[in-house]
Each structure stands twice: as C-alpha cells, then as structure tokens.
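The values are calculated or read from the model by the stated rules, or taken from the named source; none is laboratory data. Please read these numbers as outputs of a predicted model, since none were measured by experiment. FYI the Cβ positions are ideal-geometry reconstructions off the backbone, even for glycines, and counts take in every protein chain you see. For the accessible areas, the whole protein counts, side chains as well, though only heavy atoms, and no ligand, DNA or RNA atoms are used. Shrake-Rupley method; radii C 1.70, N 1.55, O 1.52, S 1.80 Å.
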Amino acid sequence: MKFTLNWLKDHLDTNASLDDISKTLTAIGLEVEGISDPAASLAGFTVAKIIAAEKHPEADKLQVCKVQSDIGELQIVCGAANARAGLYAVLAKEGITIPGNGMVIKKTKIRGVESNGMLCSASELGLGGDSTGIIELPESSQVGSAAADALGANDPVIEIAITPNRGDCLGVHGIARDLAAAGLGTLKPLPADAFKGAFASPISVSITSTHCQQFIGCYIKGVKNSASPDWLKKRLEAIGQKSISALVDITNYITFDLGRPLHVYDAAKLHGNLSVSAAKDGEALKALNGKDYILHTGMCVIADDSAALALGGIIGGEPSGCTPDTTDVFLEVALFDPEHVAQNGRTLQIDSDARYRFERGVDPAFLESGARIATAMILKLCGGQASELVYAGKMPEWKRTIAFDPKRIATLGGVELDETKIRSILTALGFEMSSWNVTPPSWRRDVEGVADLVEEILRIHGYDNIPPTPLPKLSAIAKPALTLEQKREQLAKRTLASRGMMEAVTWSFLPAAQAAMFGGNNPALKLLNPINAELDTMRPSLLPNLLEAAKKNAFRGIKDIGLFEVGLQFHDITPTGQRMVAAGLRSGKLAQNAYKDGLFQHTDRDLDAFDAKADAMSILQALGVTKCDVTNATPAWYHPGRSGALMQGKNVLGYFGEIHPGLLPAFDIENRAVAFEIFLDAIPVPRAKSKARAALKLSDFQAVERDFAFIVDEKISAADIISNLNKADKQLITGVEIFDVYTGKGVDSGKKSVAVKVTLQAADRTLSDAEITTVCNAIIAAALKGFGGALRQ
C-alpha cells in the first residue's frame with residue numbers, strides 16, 4: 001500500500017515528522033517497507049528563467065540561452081525546441097548529477113560555444129514524461145527556489161506492508177485512523193459532500209447472485225470526461241497509478257483514499273437495466289486490461305440485457321468502459337463476497353486493486369457514504385447532474401458483541417493498563433462499548449474474540465512498552481525431548497555437513513525402473529494414487545534420488561558435488577518394513593587444498609571407494625561405533641571389487657563404495673560416483689551401564705615391525721586376515737596392515753599372495769629376539785589355522 005505524506009495529512013491533522021510517522025506505523029503493525037522522497041534526488045536543482053534564446057552559430061538544432069539563476073546570469077547551450085525567452089525552467093548547475101542518466105554537469109564547450117549548466121527535461125529528472133523538451137514551470141515560479149517545490153515533487157511516498165487481516169488499512173483514511181489512535185494526531189472527518197438527486201435513475205439494478213449482498217448506483221448525465229486536475233494526476237502517479245481520465249481517476253483515487261472500490265459504466269453503451277447474476281458457462285468478457293476471459297458457471301457478473309459487463313469485485317469490461325466521449329455514466333458501489341472474489345480471481349488469474357480489497361473484506365456499512373462521496377467528486381470535477389441513488393439488496397448484518405474482561409490485558413499481554421486507557425484506545429479505533437461489551441466497527445471484520453481485542457490494545461499501547469519478564473527458574477530439569485533415534489539423525493546430518501556435503505531432501509518415491517535397479521521389486525510398494533505417473537513406487541534406497549539430484553546439478557554445470565540425505569527407505573508394508581538411513585553420494589572430482597614448497601595449492605583428484613568409506617566411518621564413529629569389520633558382501637548396485645560392507649558380526653551397519661558403472665548411464669552421469677548407506681537403526685543401542693574406557697597408555701619402548709607374505713585362497717578377505725592375525729598375541733601385537741596383494745607367476749591359480757606388516761610393542765620393556773621369534777611363530781600358526789595361510793617361500 002502506497003500513499004504520500006500530504007495525502008495522509010488530508011486525513012490526519014498532525015505536525016509529526018516523516019521519521020516519527022514511519023516509526024509509529026511500524027510500531028502499530030503497519031510495517032514501513034520503504035520511503036521514496038523525490039525531493040532528495042532533486043536536491044540542488046533550482047528554478048531559472050530564460051531571458052534570451054538565440055540560434056547556435058554552428059548548429060541548427062541548438063540554441064544559446066541567457067539564463068537568470070540564483071548565482072547570476074549563465075550561458076547555456078540547449079537542444080530543446082521549446083526553449084524560449086521568458087520560460088521558467090529547471091536548472092542543473094555545475095557539479096550536479098542528473099538522476100535520469102547519471103551524467104555529472106561540467107562547464108564545457110558545445111560546438112565551440114561555452115555552456116555552464118543544463119536545462120532539464122522531465123525524463124532527465126527521473127520524473128517520466130517527454131524527453132524532447134525541457135520542463136515548463138508556471139510563471140509564478142521564483143528564480144533560485146528549489147525545483148522540487150516548483151514541480152510539486154516534494155511529497156514523500158510511503159509504502160507499507162498490509163497483513164491479510166487489515167483490509168481497513170488499504171485506504172489512506174484507515175491508516176490515518178490507526179495513527180490517530182496511536183497519539184500521532186487527530187483523525188479528520190470524512191467530507192460531508194451531499195447532493196440531492198435531481199431525477200429518478202433511468203437504469204435500475206437487481207441482484208440474483210448470492211455472492212453480492214448490496215448494490216448502490218447513481219446515474220449522472222452531462223459529464224465532461226476530460227483530463228484530471230494536476231493534483232489528482234500527481235497523487236495517483238506518485239503511487240504508481242497511471243492517470244487515464246477524470247472519471248477513471250476518481251474511482252481509482254477513492255479506492256486508495258477510502259478503501260472503497262468503485263466502477264463507472266458509460267450509460268450510452270448499456271442495453272436496458274443492470275443485474276448482478278451468475279455467469280453462464282463459456283460466456284465471454286473483454287476486460288479493461290485488454291484480455292478476453294471465458295467465464296465459468298456461477299461466477300458473479302454485472303450484466304445488462306445483452307451481455308456480461310464486468311466480473312463482480314474484480315474487473316470491468318472494455319465495451320462499457322468510459323472514454324473521452326462519455327457524457328452519461330452509471331456509478332457502481334457494491335459489496336461482494338470475499339471468498340468468491342478470491343476464487344474467481346485465482347481461476348482467471350486476474351490481479352486488480354479491486355480484487356485485492358474485496359477478497360480482504362471492505363466496509364459493509366460504507367456503501368451509501370462511498371456512493372455519495374464519489375458522486376459529489378464526479379460532479380465537482382466533471383460537472384453534470386446526478387439522479388437519486390438506486391438501491392438493490394441490503395447491508396449484511398455485521399454487528400457482533402464481544403464480552404471483554406480488562407484483566408485479560410495482563411494475563412494475555414503481560415502488561416497492566418488502567419481501564420481509562422483501554423477504553424480510549426478502543427474508542428479511538430472505532431469500537432463501540434457498552435460497559436465491557438465491545439462491538440467492533442464495520443471495517444474490522446477480523447476482530448472476533450477477546451484475544452483480538454487484546455492485540456488491538458497492545459499494538460496501540462506499544463509492544464516496546466511491555467515490560468520484559470524473565471522466565472522462572474525450573475526446580476527440576478526436564479527430560480530430553482529427543483529420542484535416541486532423533487539424536488542420531490541430527491548428529492549424522494551435522495557430521496556429514498561438516499565434511500563438506502550438502503543436505504538434499506528428495507521424494508520418498510521414485511520410478512519403478514529405478515527402484516528395480518536398487519532391489520525394489522515388491523509390488524506392494526506401488527502407489528495407488530501417485531502425484532506423478534512416473535513417481536509410482538516407494539524408494540527401496542535413498543541413492544537413486546541422490547543420483548537424480550547429482551544429474552540435475554551436472555546439467556547446470558556443477559559436476560563435482562557431494563550430497564547426503566537422512567530419511568526412510570522402504571522394503572515391505574509391514575511395521576518393520578522401513579529403515580532409517582543416512583546416505584551420501586559424491587560425484588566428479590574431490591578438491592584438495594594443501595601447502596607444498598611453501599605455497600598454498602589447490603588440486604583435485606578422482607574419487608574412489610575410500611572417500612565413501614571415510615564418510616561412512618565418520619558417521620559410525622560419531623555415533624559411538626569404534627570397531628567394525630569390512631566384507632565384500634555388498635548389493636548389486638555397488639562395484640563388486642570397489643565396495644565393502646560394514647559389519648559387526650552378522651549385523652550389517654552399512655555399505656560403501658563405487659556405484660556400479662553399469663547403472664550410471666541410466667542417470668546420465670558421466671563421471672565416477674561413490675556412495676554410502678548407513679542404517680541408523682542397525683547401530684546397537686549403547687549399554688545403560690557401560691564401563692568407562694581405560695585411559696590411553698603409550699609405550700616408551702621401541703616398536704618392532706615384521707613383514708609376512710602368506711599364500712591364501714583368493715576368496716579370503718582382508719578382514720579375515722587382519723582379524724585372525726590380531727588374535728595371535730593380543731598383548732604384543734599393536735597393528736596389522738596389508739600392504740600388497742600379488743597374483744601371477746609363482747602363485748598357483750586360485751591363490752593370491754598377501755603381504756602383511758605386523759607391529760609388535762610392549763608397554764613395559766624392549767622386546768628380546770626370543771620374544772619376537774615366539775610371536776612370529778604364533779602369527780604363522782594363526783594364519784594357517786584361521787584362514788589356511790602358508791608362508792610364501
């Protein structure tokens with residue numbers, strides 16, 4: 001909602017500054033979104049008078065003007081055809097920046113003639129309008145005075161945000177009422193413009209639609225629909241409304257001034273009487289915005305005996321619109337159902353100032369006053385003679401009484417107010433009071449109960465005036481509200497985000513073809529009523545949707561990406577047929593930052609399975625899993641040789657590895673992709689009474705490393721080898737690491753050679769050769785017993 005400061009002062013008698021008005025508006029719930037002061041951009045521009053204008057000696061289209069200004073006589077070269085002696089114009093002196101094009105005025109020579117300033121056009125000042133000629137100011141202008149004052153551009157424009165419940169503040173008068181109630185001035189009464197109908201209207205109105213409660217009209221003959229006076233033009237243009245003609249401008253002005261939408265019909269274009277009725281299905285309406293609309297059955301229209309003329313509460317029709325040739329008009333002041341107006345506006349996708357107000361609710365008791373004010377304004381600006389008012393329908397019952405207890409201000413609002421203050425606020429806002437039975441005014445359809453009244457009182461009293469009250473100290477600490485499962489989900493998200501991955505939130509369903517790629521072959525998980533024909537199956541894994549997200553990012557040029565999601569995946573329709581999973585996907589290359597040779601360097605490398613393993617292990621470690629085995633028992637959507645399953649015994653904690661290359665083309669992914677899945681509900685619940693971990697003890701004695709090469713069956717996993725060798729001597733073996741795997745010449749078919757480094761260290765002594773030999777023999781024996789490994793000769 002936009003309005004100017006002077007416009008506001010037409011309704012509010014106040015000496016408050018613009019800053020005070022702005023602060024008060026925001027404080028009472030009418031948040032100021034911006035203030036535009038055209039005078040600020042015109043600072044430094046002054047009024048000057050051309051005292052002589054002669055043809056430029058070197059250019060036919062230029063004139064050399066002698067200009068009288070506040071700093072003396074200036075010579076200015078001007079290209080405007082209307083520059084002439086005696087003309088008052090807007091002068092930009094040296095050093096001033098032109099708002100329209102950003103040019104800084106300097107003393108210069110134009111075609112050999114010195115020029116000391118610039119005479120400005122409206123477009124150059126950012127005021128719109130003609131750019132071919134300079135502005136012509138009234139002869140009453142004073143040389144040297146501020147150009148903004150002479151142009152009438154010294155009226156700041158205020159824009160406020162209106163919440164959907166405050167339809168009463170979609171008129172300047174309603175805004176002034178709130179400011180007056182807040183103590184910022186006195187609300188001026190509406191004009192008591194009255195007229196006496198000179199004749200009976202030749203046009204009558206009937207209502208058959210249930211979506212129009214009342215219609216008041218007036219026939220006005222002999223009008224002159226010329227251009228609007230300057231004050232009306234400037235006021236409308238200041239808030240972004242285009243001036244069209246006096247009749248149209250009057251209806252627009254009253255819409256913004258009083259929050260009362262109106263419409264005028266060219267009476268000569270009407271056929272018979274008017275009726276407010278339901279549209280016929282397929283009926284056409286050519287609207288004032290130049291577009292054609294096909295109406296649906298039941299839409300509320302205003303029609304004459306031949307066709308629909310307007311869509312009730314939304315927009316008028318072009319065939320019955322007013323033109324400069326209009327001499328007789330019929331004024332419409334009606335009340336339409338807010339919900340119906342909103343529904344029709346959405347259906348036809350029409351936005352209008354009338355719809356914006358009707359769907360928020362206009363004052364049901366202001367029809368007759370609005371009709372009289374509008375008619376009087378038309379008679380004043382356009383002349384003519386008005387008929388008696390025409391009535392159809394009746395005002396709906398809007399009065400309701402709320403039993404109010406003033407103590408509720410303290411219990412609901414936290415502030416003590418005396419009853420006199422409460423009464424004065426409610427009265428200033430237009431509420432009627434009988435004892436403590438409060439009747440909201442007709443323009444406040446949103447006030448329905450005690451809490452609404454408390455809100456009205458507090459916002460006018462000032463939320464800043466509510467004393468802060470600390471919360472009482474709790475005698476007992478409440479139990480944590482989050483369950484273990486919820487905590488794990490949040491911790492998993494924070495952990496992955498800290499590793500540079502971005503969280504994605506995808507659909508819980510996907511195409512059946514993608515589900516089949518990831519083990520989803522249960523027909524019970526097909527959706528009976530999918531939101532999209534393709535998204536017809538509950539997801540058996542989070543990875544397909546993450547792959548789709550990676551594809552969309554790649555199409556937009558982001559090929560190196562890390563995404564994760566924490567959510568449910570589905571396997572059957574039983575209560576236990578879903579699992580909470582933390583899944584992640586990396587695609588493209590992995591960026592690395594490092595210092596080398598004293599310089600900071602940024603490099604990237606191809607992703608591999610160990611990047612996915614690091615992500616997966618970070619979650620497990622964050623959730624308290626310190627040990628787990630790695631096997632190759634991974635599902636088919638992982639690369640069979642570059643993936644692993646994270647196990648605790650037979651309990652599968654998750655998977656990691658490269659996505660099978662055969663699946664990537666289905667997702668249009670060209671680069672390698674690695675992923676992981678951690679099953680959060682598979683992680684064991686911590687014991688209620690677990691012993692604290694022993695303190696870390698580091699040995700002060702030298703460690704010993706021994707390398708072994710074992711010939712083993714090619715199916716033996718690295719996890720089996722490491723696990724069995726660690727058991728050879730739990731006290732002295734502190735580390736087992738596989739550093740080479742060989743097959744080929746010298747190794748039998750079906751076998752492989754695995755090279756292992758074993759670290760031996762005692763906490764209290766240096767190991768002797770005999771002790772080392774004993775442990776080495778135990779390692780060889782453990783290899784033979786545990787996985788059939790024999791020393792390679």
(message) Just to verify a number: what accessible area does HIS660 come out at with the full protein assembly present, 1.4 Å probe, Å² rounded to tens?
(response) 70
(message) Ratio of alpha-carbon Rg to the 2.2 N^0.38 Å globular estimate for the stretch 442-506, to two decimals, please.
(response) 2.09
(message) What does the C-alpha gyration tensor say about the overall shape of the stretch 353-451? Classify as rounded when a/c is under 1.5, otherwise prolate if a/b is larger than b/c, or oblate.
(response) prolate
(message) If I histogram all Cα-Cα distances within the stretch 183-238 using bins 5 Å wide from 0, what percent of pairs lands in each bin?
(response) 4, 10, 10, 12, 18, 18, 15, 9, 3, 1
(message) What three numbers, in Å, describe the spread of the alpha carbons of the stretch 307-402 along their principal axes, ordered from the longest?
(response) 45, 35, 22
(message) Output needed: percent of Cα pairs per 5 Å distance bin for the stretch 233-289, bins running from 0 to the one holding the longest distance.
(response) 4, 13, 19, 22, 16, 13, 10, 3, 0
(request) Take the Cα of TYR391, step 7 Å along the line toward its Cβ, and report every residue of the stretch 243-266 whose backbone nitrogen sits under 20 Å from that point. (result) none
(message) Between ASN465 and ASP351, how high is the FRET efficiency from 1/(1 + (r/R0)^6) when r is the Cβ-Cβ distance and R₀ = 45 Å? Nearest 0.05.
(response) 0.70
(request) Provide the solvent-accessible area of HIS211, counting protein heavy atoms only and rolling a 1.4 Å probe, rounded to the nearest 10 Å². (result) 50
(request) Would you mind getting me the FRET efficiency between LEU590 and VAL32? Use the beta-carbon distance for r and R0 = 51 Å, nearest 0.05. (result) 0.55
(request) Could I have the simple spin-label model distance between THR323 and VAL450, label points 7 Å from Cα toward Cβ, reported in nm to one decimal? (result) 6.2
(message) Helix-only mean residue ellipticity at 222 nm, the chain, DSSP H runs n ≥ 4 weighted -39,500 (n - 2.57), per residue, nearest 500. What is it?
(response) -7000 deg cm²/dmol
(request) Would you work out if the stretch 78-121 is rounded, prolate or oblate? Take a ≥ b ≥ c from the square roots of the eigenvalues of the alpha-carbon gyration tensor; rounded if a/c is under 1.5, else prolate when a/b is larger than b/c, oblate otherwise. (result) oblate
(request) Given a cut-off of 26 Å, name the pairs among LYS399/LYS421; LYS487/LYS526; LYS106/LYS234; LYS280/LYS399 whose C-alpha atoms lie farther apart than that in the structure shown. (result) LYS487/LYS526; LYS106/LYS234; LYS280/LYS399
(message) Out of all Cα-Cα pairs in the stretch 662-793, roughly what percent, to the nearest whole number, are more than 18 Å apart?
(response) 66
(message) Bins of 20 Å, beginning at zero and ending with the bin holding the largest distance: percent of Cα pairs per bin for the chain, please.
(response) 12, 24, 26, 22, 13, 4, 0
(message) Which three numbers, in whole Å and largest first, are the semi-axes of the equivalent ellipsoid of the stretch 200-346 derived from its Cα gyration tensor as √(5λ)?
(response) 25, 18, 14
(request) Any lysines with Cα under 17 Å of the LYS233 Cα? List them, leaving off those in the same chain fewer than 8 positions away. (result) LYS2, LYS224, LYS242, LYS380
(request) Would you kindly work out the equivalent ellipsoid of the stretch 403-536 from its C-alpha gyration tensor and give its semi-axes, the square roots of five times the eigenvalues, largest first in whole Å? (result) 54, 26, 14
(request) Tabulate in residue order the Karplus-calculated ³J(HN,Hα) for the stretch 752-761, using 6.51 cos²θ - 1.76 cosθ + 1.60 with θ = phi - 60°, rounded to whole Hz; enter x for Gly and Pro. (result) 8, 9, 10, 8, 10, 9, 10, 9, 10, 7
(message) Please give the charge dipole size of the chain, origin at the Cα centre, charges +1 on K and R Cβ atoms and -1 on D and E Cβ atoms. Round to the nearest 20 debye.
(response) 2280
(request) Could you look at the chain and say what percent of its accessible area is carbon and sulfur, using a 1.4 Å probe and all protein chains? (result) 51
(request) State the Cα centre-to-centre distance between the stretch 62-123 and the stretch 392-411 in whole Å. (result) 63
(message) Probe of 1.4 angstrom, ligands and nucleic acids ignored: what's the accessible area per residue over the chain, in square angstrom?
(response) 52
(request) Using every Cα-Cα pair within the stretch 135-239, state what percent have a distance larger than 21 Å. (result) 68
(message) Greater than 23 Å separation of Cα atoms is the criterion. Which listed pairs, LYS613/LYS715; LYS650/LYS727; LYS66/LYS109; LYS551/LYS627, meet it?
(response) LYS551/LYS627
(request) Alpha carbons only, please: Rg and Dmax for the stretch 37-195, in angstrom. (result) 21.1, 66
(request) Please list LYS394, LYS697 in order of solvent-accessible area, largest first, computed with a 1.4 Å probe with all protein chains present. (result) LYS697, LYS394
(message) Taking R0 as 22 Å, what FRET efficiency do you get between LYS286 and ALA227 from their Cβ-Cβ distance, rounded to the nearest 0.05?
(response) 0.30
(message) Using a 1.4 Å probe on the protein heavy atoms only, what accessible surface does LEU331 show? Give it in Å² to the nearest 10.
(response) 0
(request) Just grab the label-to-label distance for SER768 and LEU482, each label 7 Å out from Cα along the Cβ direction, in nm (one decimal). (result) 5.6
(request) Report the one residue of SER508, ALA554, PRO540 whose Cα lies farthest in the direction of the positive end of the charge dipole of the stretch 505-598 (charges on C-beta: Lys and Arg +1, Asp and Glu -1; origin at the Cα centre). (result) ALA554
(request) In whole Hz, with x marking every Gly and Pro, tabulate ³J(HN,Hα) for the stretch 233-239 from phi via Karplus 6.51 cos²θ - 1.76 cosθ + 1.60, θ = phi - 60°. (result) 4, 5, 5, 5, 5, 5, 9
(request) Only residues of the stretch 86-120 count here: report those whose backbone N is under 13 Å from the spot 7 Å along Cα→Cβ of GLN75, or say none. (result) 108-117
(request) Kindly sort GLU670, GLU548, GLU114 by accessible area of their heavy atoms, largest first, with the probe set to 1.4 Å. (result) GLU670, GLU114, GLU548
(request) Can you tell me how much longer the chain between LYS745 and LEU527 gets when fully stretched, taken as 0.36 nm per residue apart minus their C-alpha distance, in nm with one decimal? (result) 72.8 nm
(message) Can you classify the stretch 343-384 as rounded, prolate or oblate using the Cα gyration tensor, where a ≥ b ≥ c are the square roots of its eigenvalues, rounded means a/c under 1.5, and otherwise it's prolate if a/b beats b/c and oblate if not?
(response) oblate
(message) For a quick check of your reading of the filter: which trypsin sites (Lys or Arg not before Pro) in the stretch 46-85 sit in a DSSP loop and have no more than 11 other Cβ atoms within 10 Å?
(response) LYS61
(request) Taking 7 Å along the Cα-to-C-beta vector as the label spot, tell me the ASN82-ASP707 distance in nanometres, rounded to one decimal. (result) 9.6
(message) I'd like the antiparallel share, as a percent to the nearest 5, of DSSP beta bridges with both residues in the stretch 426-577.
(response) 75
